[in-house]
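The values are calculated or read from the model by the stated rules, or taken from the named source; none is laboratory data. Not measured: the values here are computed from a predicted model. Don't worry about glycine lacking a Cβ; one is built from the backbone with ideal geometry, like all the others, and counts go over all protein chains shown. These accessible areas exclude ligands, DNA and RNA; they are computed on the full protein's heavy atoms, side chains included. Shrake-Rupley method; radii C 1.70, N 1.55, O 1.52, S 1.80 Å.
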Amino acid sequence: MSNSFETIDAANRHFEELFNAGKFDELVALYTSDGKLCPPDKKKYEGREEIKNFWQGARAAGVNNLRLTTGTVLEAGTDRLIETSSYQHSLDRGNYQVIWKRVGEGQNQWQLEIDIFN
């Protein structure tokens, strides 16, 4: 496996770029089709359409200038990575944990499977 930290750090730069540009269709394509987003509002958003609605709502509420700081990335078998990191944006800052799922056998392509933040 290539350097997991570098892989996820690059994915985080891409996530920032898409969110900050308001490209939500491309942003939710970074999630698995059955991905789950668990934000501090105590709701669970499942699937790309619900996740897209959440991120669009966050943007409409004034969230912009998202910055992700990649912390640690742990390998969990051959098809999962567990990331624990921090975020900052125009209205808040906090921590998050993502379980990344490998997409495609033997490939270094990853999607967000479970995304939890506070």
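A few comments on the model shown:
- Subset of the stretch 80-105 [modelled with pLDDT under 95 and open to solvent by less than 70 Å² (accessible area, probe 1.4 Å)]: VAL103, GLY104
- Among residues of the stretch 7-21 that are on the phi < 0 side of the Ramachandran plot, none has a Cβ under 6 angstrom from a residue that is crowded, with 17+ Cβ neighbours inside 10 Å and modelled with pLDDT under 95 at a sequence gap of 6+ or on a separate chain.
- Options SER90, SER86; residue that is touching a residue at least 12 places away in the same chain (Cβ under 8 Å), closer than 16 Å to ILE114 by Cα and of a type outside the set (Val, Ile, Thr): SER86
- Within the stretch 97-118, the set of residues being touching a Phe, Trp or Tyr at 6+ places or on another chain (Cβ under 8 Å), closer than 18 Å to HIS14 by Cβ and not in a strand (DSSP E or B) comprises just one member, VAL103.
- Whichever residue in the stretch 66-79 is of a type outside the set (Gly, Ala, Ser) and more than 22 Å from GLU17 (Cβ to Cβ) and, among such residues, is surrounded by the fewest Cβ atoms within 10 Å (Cβ to Cβ): THR78
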